[in-house]
Structures are given as C-alpha cells and as structure tokens.
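This report refers to the structure that appears directly beneath it.
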Amino acid sequence: MSATVPNIQSQQGVDASWVSRRWRGITSTGFSRFLGILAIVLTVWLVLFGLIFSPPDITQQSSVRIMYIHVPTAWVAYLAFGVTGLSSAMYLFRKKHSLIWDRFAGASAEVGVMFMGLTLVTGALWGRLTWGVYWAWDARLTTTAFLFVTYVGYLAVRRLGGSHHARARRSGVLGLLAVLEIPLVHFSVKLWRSLHQEASVANPSGDVKMDGLMLFSLFVGLIAFSSLYFWLVLHRQRVMYLEDRYEDADLDTALAERRAESTGGSHG
Amino acid sequence: MDDAGFIFTCYGVTLGAVALYIGLLLRRARRNGRTAKAEELPWT
Amino acid sequence: MTDSSNPGSDDTSVDVEGDLNAGLNLSPRTETSKPKRSSKRRWGPILVLVLVVAAGAIVITQFLGKSLDYYCNVDEVGVKATCSGERSLRVQGTVEKGSLAKEDTQTKFIIAFNGKTMAVVYDGDPGGKFQECIPVVVRGRLSGDTFLGNEVEVKHSNEYASQNKERLDTTSATTCPQAG
C-alpha cells in the first residue's frame, strides 16, 4: 500500500461481522444449512442409486436411469407451482397482505421454472432413447410445454415494475389462475391418448408396477429434489427480500450507508 | 452401460443447472446483502 | 468482487461533497448507485411476455390443430370417423411376436390391438427401443391392406421391471406376454 492511496483496504470488508457472514452466507440460518446438507447427501445417494445400484430395465435397459431424475424434477415443478398458487392466495386473501407471501410465490415459481425446464430436457433425452424421437405433440408433452411457458410469463409479469404491492397483486392473480393447469397436465395422460405413459406411482389404481430397487431409487430422487427445492426457495425468498430492500432505499440512504461504512470500517 | 452419453448428459445437465442456479443465488445474496446488518434481517 | 478497491473510478459528481468524503469509496455498485427503477418502463419483461404469448399460441395450435388423441388403435382404423383410411394417421398396436422382418432398407412387421392386426411397412430402421412385443405408434397412410409408415415411435408402458429377473420367462414364450 503506497501512502497516496490511504486506507483503501481498511474501508472494505474488514468489519468482522460482515466477513463472518460472508463466509456463512448472509441468507443462511441453522435450519437452511441442515436442509442444504440433507439435499447434498441425498443427491449423492440419487447419483449412486440411479447410476450404479439400480438394475437396468427389461425393455428400456439403462435409459430407465433418466427417469430417476426426470420424474422428481416434474414433481418438484408441480410442488413449486402449487406453493406459488397457495402463497398468492395468502397474499391476496389475508387481511395483512404481507409481502413475504408474494416473495415466496415468486421464489417458488422461479425454482419451479428451472425444474420444469429440466423436466423437458431430461424427458427429451429419455424420449429419444425409448420412443425414438425427442419430442411428440401428444397431450402430456404439449400441456407440460404450456405450463412451462405460462410460468415464464408469470416471472416476466413480476418484473414489469411498479410498487411491490402492485407486483404482488398482479402476479398473485396470475399465480392463482396458472395453478389450475397442473391437474390438466397430470391427468392429460388419462384424458387423452398420449405417447407418454401413465403415472406408475401416482396413479389412482394404487398398484405400483415397478421393481423394488427402481422404486427406491425414484423415492431417493423425490426426497433429494424436494429438500433441494425447499433450500432453494428459502434462499431465493431471502435474496428477494434483500433486493426489494435495495430498491426501496433511494440514493440518499445509499450514500449515508457508504459514509457509515467508511467511518465504521476503521474500527472494525 | 448402454446409452451412457445420454444418461450422463441427463445427470450432468440437471445437477449442473442446479449448481449454476445456486452459484448465481449466493452471488446475488452477497451483492444485495453487503450493507445489510444481521440484526435487520427478519430471519436472523 | 469487482468493486472492492478502485479509487480511480470516482466520477465528477462526487467532488461536490468535497473534503467530507475524502477517502470515501463511491465507486459504482450496481444496486446502490442506481435511482429507483420502478418508474421506468421495463422493456425486457415486455419482450419476454410477447415471446411467451407467441410460444403459448404455437403450443396450443400444434395441439388443437391435430386430434387431441395422439393415435388411433388398430381396431378403430376404418371404423371410427376420425380414423378413416384416407388421410395420414397414427396407429397404435403391439408388434406381433415373430412378425418382424428386414428387407433391404425396409422394416416389415405386424401390429395388433384388441384382436385386429395390421401389416406395416416402414422405410428405414425404427429407433428407440423398437422390438417385438412392444406397443408402438406408427404414423403413415393406409394403402390397401398394408400401412405405409413414415414414422415409428415406441410407446413405453408404465411398468418397470429389472432386466435380470424377467428375462428367463419371456425369451422362451412364442407369443407376447399379455400386457394391460
């Protein structure tokens, strides 16, 4: 450090609490750390069971291994959009109109869109191996594509601007309407004839036509991705709180914060 | 394993996308949270 | 951490503050230095929304433009109005055991459903897990008694079984095991 550039280092990040929070992660808590570790352990299990321990299928051979990823991503997307719908209702119909519900709705939709996209990609890979084609305009695939597109639209609507409550009202209505597509997607294979097979586990008849170890691998995938989903939504929601907080703070506040930072940093 | 390319692509794309999302999320958290005081945050 | 220590990037506007802010780091930090963004028209999301509506319209027309049901079963061809023989159809049936034959580039097989059978000629090698005793969907046109296929898709059931376990009892059979 030369004398002409004084104290540059001491102004930045020397505050002990800031440093420690940076390494722990500002959005993490004891519970979310537990969830994160659980998600990592279960994901390792999923890879081990999906790729190594589970047997190849009698007709699909190894391409059945894609199912252990594909089905959990679809399930998590359903769950995520369901949570978005529920949180939207909580925002719209509770007297308090708490923005925390709006943030949960937005966070959940974003995570859901990611998982739904992965459902489409992994499904296309499986389709190429088993059906012989990446894509078919059948009922299940078409309704899934529509669901995906709907929630991409939902995320765009959230970013149109205006106050946080305007955003919450606008997207809340959409979040409530869009969730109605989920039963259509799930039962599309019952309502119409489709290339896609019916559900093996979540079907009304209740008898599961799947080998034990395959079923277990699928179960590991479902639990792994569910815990991953909760971890992601919790953190996304907290990041959204921080983002909203920044948008609220105008320039004066930002300047004041920096002034405090430069004077407060020297004795940190 | 037959069809190994497709299967590894499937696992790789999925886990890679999730890891990328987590990376972006933590970066945004750090950026937006750098002046936030722990006691102001509702979850701490 | 691009913004950690860059005193050279201070712009002229901060000089107004004078000595008070000497040594104060005012290098741009994306979030704090921006004015409130909510008053501005945001074109990014609007563009995304336009694309979303367009994509949604394409998806719906792709779906509704064709029959909602993806295929006709073998026994419905020529019986059901929507499965009449004149136009291009998708027909579903199980590939009969022992019917599969390859001649030059052509693949010939018989598909059956609900007691009715249909001979299929497909120009090429069907992809996916195509084999005997598996339900398939063939797209093509009926010409006399044979169905000229130009697309074959394997319709997988929702049953999953370990390869090692069931191999023994299916290979010796002369007919396909009865599936639901």
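Computed over the range C:72-157, the Cα gyration tensor eigenvalues convert (square root of 5λ each) into semi-axes of 19, 14, 11 Å, ordered from largest to smallest. Shielding by partners for peptide A:121-128, expressed as the average number of C-beta atoms from other protein chains within 10 Å of each residue's C-beta, is 4. The chymotrypsin sites (Phe, Trp or Tyr not before Pro) of chain B that meet both conditions, a loop assignment by DSSP and at most 15 other Cβ atoms within 10 Å of the site Cβ, are B:W43. Distances between placed amide hydrogens fall under 5 Å for A:M210 paired with C:Y160, all partners being 5 or more residues away or on another chain. Of the residues C:Q131, C:L100, C:V154, the one whose Cα sits farthest toward the positive end of the charge dipole of the range C:72-157, with +1 on the Cβ of Lys and Arg and -1 on the Cβ of Asp and Glu, is C:V154. Structure note, pairs C:K80/C:K129; A:K209/C:K102; A:K190/C:K108; C:K80/C:K102; A:K190/C:K116; A:K95/B:K37: Cα-Cα distances above 27 angstrom occur for C:K80/C:K129; A:K209/C:K102; A:K190/C:K108; C:K80/C:K102; A:K95/B:K37. Each Cα pair under 8 Å and six or more residues apart adds its sequence gap; the mean of these over the residue count of the range C:72-157 is a relative contact order of 28 percent. Each pair of Cα atoms in chain B enters the Kirkwood radius, and Stokes-Einstein at 37 °C and 0.692 mPa s then converts it into a translational diffusion coefficient of 251 µm²/s. Basic side chains Lys and Arg get +1 at the Cβ, acidic Asp and Glu get -1 at the Cβ, and with that the dipole of the range C:72-157 about its Cα centre reaches some 240 debye. Peptide A:231-238 shows a mean partner chain C-beta count of 3 within 10 Å per residue C-beta.
A Förster distance of 35 Å, applied to the separation of the beta-carbon atoms of A:W135 and A:V41, puts the FRET efficiency at 0.50. Annotation: peptides C:101-109, C:89-97, A:115-123, ranked by per-residue average of other Cβ atoms within 10 Å with the highest first, follow the order A:115-123, C:89-97, C:101-109.
Residue by residue along A:187-194, Cβ atoms of other protein chains within 10 Å of the local Cβ number 3 on average.
We did not get these values from a lab; they are worked out from the coordinates using the rules stated. What you see is a predicted model, and the numbers here were worked out from it, not measured in a lab. Using ideal geometry, Cβ is built from the backbone for each residue, glycine included, and neighbour counts are taken over all protein chains shown.
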